[in-house]
Amino acid sequence: MAGGGGRGRGEEEYDYLFKVVLIGDSGVGKSNLLSRFTRNEFCLESKSTIGVEFATRTLHVEEKIIKAQIWDTAGQERYRAITSAYYRGALGAVLVYDVTKPTTFENISRWLKELRDHADANIRIMLVGNKTDLKDLRAVPADDAGGYAEAEGLSYIETSALEAMNVEEAFQLILGDIYRAVSKKAVASEEDRAGAAGVKEDILLHC
């Protein structure tokens, strides 16, 4: 979903609307990453998401005003029927695991497969290791996750939604990545149109 700009009632103008989806096992902190980024809030009593929730935030990315629409979904299997609708129009995806729970990292490959099966082929993907504030409980080394991300062509960062560490940076990174991809695609389209116009003009000149 890459809106070309606009303004809703009571909202500031924006140049682009980017949809980003949060994916990962239940309990890894997706909802708190969402609330920390969009409202700068953290809920210690956070309950499992039921179905789908989303929130928005408008911010500057590379001198453009981006309206980020961040979608959060339940990590439980019984809610997977929403899959195709959830991914539709998404330009970015954040794969989240809990650095204290190896199983949530091991399941990333399954989430990545689902993402690649249902999302646009050009979607930008970031791997996020959350809950780094629980230092004594860490069970997933950063090097292991970083190596996996590199092998799969994903960007990678570690965060703490509780301490607000790297949350802003993570979303800035993926939104910047999306913006560059969208801009590059727009430039390529312009060049294609210009090239087609040039060919048409050349044909007319030689008729």
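Can you work out which of the residues in the stretch 91-111 that are of a type in the set (A, V, I, L, M, F, W, C), under 18 Å from the mean Cα position of the chain (by Cα) and over 18 Å from Ala181 (Cβ atoms) is modelled with the lowest pLDDT?
First, the residues of the stretch 91-111 that are of a type in the set (A, V, I, L, M, F, W, C): 91, 93-96, 99, 105, 108, 111.
Checking the rest, the ones that are also under 18 Å from the mean Cα position of the chain (by Cα) come to 91, 93-96, 105, 108, 111.
Going one step further and asking which of them are over 18 Å from Ala181 (Cβ atoms), we end up with 96, 105, 108, 111.
Numbers: Val96: 98, Phe105: 98, Ile108: 97, Trp111: 93.
Once the filter is applied, the top-ranked residue is Trp111.
Residues in the stretch 1-28 that are assigned to a loop (DSSP other than H, G, I, E, B), under 15 Å from the mean Cα position of the chain (by Cα) and at pLDDT 70 or above: Gly24 only. The criterion of being farther than 17 Å from Leu154 by Cα, modelled with pLDDT of 90 or more and crowded, with 17+ Cβ neighbours inside 10 Å holds for Ala68.
Count, please, the residues in the stretch 134-182 that happen to be buried (at least 21 other Cβ atoms within 10 Å of the Cβ), assigned to a helix (DSSP H, G or I) and aliphatic (A, V, I, L, M). Residues that pass the stated criteria total 6. Within the stretch 103-113, being under 18 Å from Ala151 (Cβ atoms) and surrounded by 14 or more Cβ atoms within 10 Å (Cβ to Cβ) holds for Phe105, Asn107, Ile108, Trp111, Leu112.
Condition check ((1) modelled with pLDDT under 95; (2) out of contact with any Leu (no Cβ under 7 Å at 6 or more places or on another chain); (3) over 20 Å from Leu33 (Cα atoms); (4) not aromatic (Phe, Trp, Tyr)) across all residues:
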site	(1), (2), (3), (4)
Leu115	yes, yes, no, yes
His118	yes, yes, yes, yes
Thr132	no, yes, no, yes
Lys135	no, yes, no, yes
Gly147	no, yes, yes, yes
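Check the stretch 73-90 and report whether any residue there is within 18 Å of Glu169 (Cβ to Cβ), of a type in the set (D, E, K, R) and within 18 Å of the chain's Cα centre (by Cα). Within the stretch 73-90, not a single residue is within 18 Å of Glu169 (Cβ to Cβ), of a type in the set (D, E, K, R) and within 18 Å of the chain's Cα centre (by Cα). Among the residues making up the stretch 157-181, those that are of a type in the set (A, V, I, L, M) and in contact with a Phe, Trp or Tyr (Cβ under 7 Å, 6 or more places away or on another chain) are Ala161, Leu162, Val167, Leu175, Ile178.
Picking from residues in the stretch 86-133 that are in a loop (DSSP other than H, G, I, E, B) and among the hydroxyl-bearing types (Ser, Thr, Tyr), the one that is farthest from Ile157 (Cα to Cα) is Thr100.
The values are calculated or read from the model by the stated rules, or taken from the named source; none is laboratory data. Note that the coordinates shown come from a computational prediction; the quantities given were computed from them, not determined experimentally. Counting neighbours? That spans all protein chains shown, and the Cβs are built from the backbone with ideal geometry, glycine included.
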